[in-house]
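All remarks here apply to the structure that follows.
The values are calculated or read from the model by the stated rules, or taken from the named source; none is laboratory data. Bear in mind the structure is a predicted one, so any value in this text is a computation, not a measurement. Backbone-built Cβ (ideal geometry, glycine too); neighbour counts: all protein chains shown.
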Amino acid sequence: MHIVYHCRDGLINSPLAAGIHLGLLDPAHVPSEGELRALPFYGRSNHVRGRLYPAGTDEKGNNVYTLGRSNAAPFVIKLLSTAVPALFDRDDVLVFFDCDVPGGGLLSSIKCLGRNRKMSYGWAVKLASCEYFRLVQVVQNVRTGLYS
Amino acid sequence: MKIVYRCYGRAHSSVVASAIHLGRLRPDKKPTYSELCNLKFFDATERWDIGIPTFMGKDDMGREVFTLGLGNQRPLGQTALESLAEVLGCSMYDVVMVDTLGTINWSSRIGGFLSRALKLVPIGRPLVASGIRGSFGRLASLVEGVKRELERIDKEESHLRYRR
């Protein structure tokens, strides 16, 4: 199974969710700037939207990915899910989880300013931390749904 | 190998290109209005069909032919498919993507928009059919070019197999 965490830009929320899923981040406390910087797939500058970035493999052997899909979540999910059997003759299962929280579009845009160094990185992290526990909840729901 | 003819809504140009590829329309003869309208899936898709590859048939070499609409997300869709191929360990060389949007004229685009987006079928369908008839030569040359290229690849591959 391939577990895909997706968000609008694929830079902040989905890497955070993947980090929580893989046990790289502690769900009990908001990660520090250092911890975030240490995440290998967080806020990368050469990020391409539409590309699946492998984040790692979880304890059940499922591959975890992050994905930035602009505002076209239903389109990308439909395309990838139907292309697996139709174009690639495979029966792999892809499961998608939306990491965008309500009202996150604005926050996401502001965070992108941080990424582009037009705003301090620390502020971007503080804004990301507003959503951290909601992301923890998303990941916990995912894990409960998949593994229990 | 799979051939995917892609356009905006997989309702017109990709359907006609796949019909030419599969021999359902002759490349040297402009189709009539009724021939176009009788094609399976011509001007008959809905908004939610965008993003779903549709199997149209197998050509004389046994290659599967698909149509696909990528809406206004063509670069995103293309990147997503290439990335998926990588993730699955498949080769994108086995899936040939052919863009048909560049071959059609404004009449087809406006007619397609009227018919599919605004549901003004009595106005849109004749307009899109007339537009497709006008750009049929370009569509036919595109498909002929694709077939020639596929034949060349097949020959090279069989030559390589023979040499091995």
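Among B:89, B:102, B:112, which is the only one that is crowded, with 22+ Cβ neighbours inside 10 Å, more than 7 Å from chain A (Cβ to nearest Cβ) and at pLDDT below 95? Let's see the steps before the verdict.
Details: B:89 fails: crowded, with 22+ Cβ neighbours inside 10 Å; B:102 fails: crowded, with 22+ Cβ neighbours inside 10 Å.
Checking each option against the conditions leaves just B:112.
Here is a check on your reading of the model: is residue B:128 under 27 Å from residue B:82 (Cα atoms) and either polar (S, T, N, Q) or under 16 Å from the mean Cα position of the chain (by Cα) (or both)?
Numbers: under 27 Å from residue B:82 (Cα atoms): no; either polar (S, T, N, Q) or under 16 Å from the mean Cα position of the chain (by Cα) (or both): yes.
No, not satisfied.
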*asked:* Can you tell me which of (1) at the interface with chain A (Cβ under 8 Å from one of its Cβ atoms); (2) more than 13 Å from residue A:79 (Cα to Cα) is the one residue B:62 doesn't meet?
replied: (1)
_All positions within region B:71-81 that are touching a helix residue (DSSP H, G or I) at 6+ places or on another chain (Cβ under 9 Å) and facing another protein chain (nearest Cβ under 8 Å)_ = B:71, B:73, B:76, B:77, B:80, B:81
*asked:* So for region B:49-63 (the condition being on the phi > 0 side of the Ramachandran plot and in a strand (DSSP E or B)), does at least one residue qualify?
replied: yes
*Here are some conditions: (1) buried (at least 17 other Cβ atoms within 10 Å of the Cβ); (2) farther than 30 Å from residue A:55 by Cα; (3) at pLDDT 95 or above. Residue B:41 meets all but one. Which one does it not meet?*
(3)
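Given the structure, is residue A:9 surrounded by fewer than 15 Cβ atoms within 10 Å (Cβ to Cβ) and acidic (Asp, Glu)? Before you say what the answer is, go through the steps one by one.
Details: surrounded by fewer than 15 Cβ atoms within 10 Å (Cβ to Cβ): no; acidic (Asp, Glu): yes.
It is false that residue A:9 is surrounded by fewer than 15 Cβ atoms within 10 Å (Cβ to Cβ) and acidic (Asp, Glu).
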*Check B:67, B:45 and return the single one that is within 14 Å of chain A (Cβ to nearest Cβ), assigned to a loop (DSSP other than H, G, I, E, B) and under 16 Å from residue B:101 (Cβ atoms).*
B:45
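With region A:55-148 as the region, which helices (runs of 4 or more DSSP H) entirely inside it contain at least 1 residues that are modelled with pLDDT of 90 or more? Can you show your working first?
On the way: elements: A:73-88, A:104-115, A:121-130, A:132-147.
Correct list: A:73-88, A:132-147.
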*Looking only at region A:21-46, which residues are part of a helix (DSSP H, G or I) and surrounded by fewer than 24 Cβ atoms within 10 Å (Cβ to Cβ)?*
A:33, A:34, A:35, A:36, A:37, A:38
_I'm checking my understanding of the structure. Among residues of region B:1-21 that are within 14 Å of chain A (Cβ to nearest Cβ) and assigned to a loop (DSSP other than H, G, I, E, B), which one is surrounded by the fewest Cβ atoms within 10 Å (Cβ to Cβ)?_
B:1
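I'd like to know if region A:9-24 contains one or more residues that are hydroxyl-bearing (Ser, Thr, Tyr) and under 14 Å from the mean Cα position of the chain (by Cα).
Taking region A:9-24 first, the residues hydroxyl-bearing (Ser, Thr, Tyr) are A:14.
From what is left, the residues that are under 14 Å from the mean Cα position of the chain (by Cα) are A:14.
Yes, because at least one residue in region A:9-24 is hydroxyl-bearing (Ser, Thr, Tyr) and under 14 Å from the mean Cα position of the chain (by Cα).
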